[in-house]
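Trainee: Could you have a look at this structure, given as structure tokens, before my questions?
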Amino acid sequence: MEQPRYSVLAEIYAYLMRKIDYKDWAEYLFALFRNFASSDERILELGGGVGAIAGHLNEYFPSIILTDYSREMLAKAGDEGIYKVCCDMRHFPFKNKFDIIYSTFDSVNYLLTEADLMKLFTEVCAVSDEDTVFTFDASLEKNSRRYEKHLNRKGSVKGISFVQKSRYDREEMIHYNEFEITVPGGEIFTETHIQKIHKFETYFDLIDEAGLYVADCFDAFSFEKATPKSLRAQFVLKKKR
């Protein structure tokens, strides 16, 4: 039975991501914030899932708003004083401004069209003032080509077994991750996760059109300048004056 993404998968997401050093990732974001943000009282995370990053950043910032499109993922997030809102990153339910907005783990790659990316950037612009910082990471084509088969895997946890198949359509620049999940009792569910690998230059064009600008762009997890040949790019945006 085909399911919405991150519904059944939410049950085993922490296991699938168990090798990721979220603390180190949060420290990297904290360094970005310190370099580019002038205030950090109002913080918004987009596509934050189970709150793995927010849980670490919460040590520094007590008023993070954690958002995600999946109710099931948000339900797995802890309750360490983090506000949780289920919403689409293309349509914010917020009217107030934020000091820092961030998104991690290729969440923007789930926006499959340039029109959807534009909606995100326009929404960010609407809740930004001139000092607001928006940072996000994007997976680029080299990453999909290099690691296309890396996530072909299977396993089991908590009585749930899974098979994951990864493939990259080079012509359409679409990366597919297909999951077959068998829950206790034998019922089988499938989830298909689709990511668009947008061209590096596309981000710059749409960001400019939305009224924002790229304050800097790094190879993700570093402070080296990103290029179209990078695996992942960490964008840092601000609102045009």
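Trainee: Being crowded, with 16+ Cβ neighbours inside 10 Å, in contact with a Gly (Cβ under 6 Å, 6 or more places away or on another chain) and closer than 26 Å to residue 231 by Cα, is that true of even one residue in the stretch 116-133?
Mentor: no
Trainee: Can you tell me which residues in the stretch 147-162 are more than 26 Å from residue 102 (Cα to Cα) and either aromatic (Phe, Trp, Tyr) or loosely packed, with under 15 Cβ neighbours inside 10 Å (or both)?
Mentor: If the condition is that a residue be more than 26 Å from residue 102 (Cα to Cα) and either aromatic (Phe, Trp, Tyr) or loosely packed, with under 15 Cβ neighbours inside 10 Å (or both), then 149, 150, 152, 153, 154, 155, 156, 157, 158, 159, 162 are the ones that fit.
Trainee: Considering only residues that are assigned to a helix (DSSP H, G or I), in contact (Cβ under 8 Å) with a residue 24 or more places away in the chain and surrounded by fewer than 17 Cβ atoms within 10 Å (Cβ to Cβ), which ones fall in the stretch 175-210?
Mentor: Within the stretch 175-210, 201, 202, 209 meet the criteria.
Trainee: Something else now. With the condition kept exactly as written, say whether any residue in the stretch 161-174 is touching a strand residue (DSSP E or B) at 6+ places or on another chain (Cβ under 8 Å) and outside any strand (DSSP E or B).
Mentor: Looking through the stretch 161-174, at least one residue is touching a strand residue (DSSP E or B) at 6+ places or on another chain (Cβ under 8 Å) and outside any strand (DSSP E or B).
Trainee: Now for a separate question. One residue is enough: does the stretch 1-9 have a residue meeting the conditions surrounded by 19 or more Cβ atoms within 10 Å (Cβ to Cβ), out of contact with any Leu (no Cβ under 9 Å at 6 or more places or on another chain) and over 26 Å from residue 140 (Cα atoms)?
Mentor: yes
Yes/no per residue for (1) at positive phi; (2) loosely packed, with under 13 Cβ neighbours inside 10 Å; (3) assigned to a helix (DSSP H, G or I); (4) outside the structural domain of residue 220 (by TED's automatic domain parsing):
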| residue | (1), (2), (3), (4) |
| --- | --- |
| 14 | no, no, yes, no |
| 33 | no, no, yes, no |
| 40 | no, no, no, no |
| 49 | yes, no, no, no |
| 53 | no, no, yes, no |
| 56 | no, no, yes, no |
| 59 | no, yes, no, no |
| 62 | no, yes, no, no |
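The values are calculated or read from the model by the stated rules, or taken from the named source; none is laboratory data. Because the structure is a prediction, the values reported are computed rather than measured. Don't worry about glycine lacking a Cβ; one is built from the backbone with ideal geometry, like all the others, and counts go over all protein chains shown.
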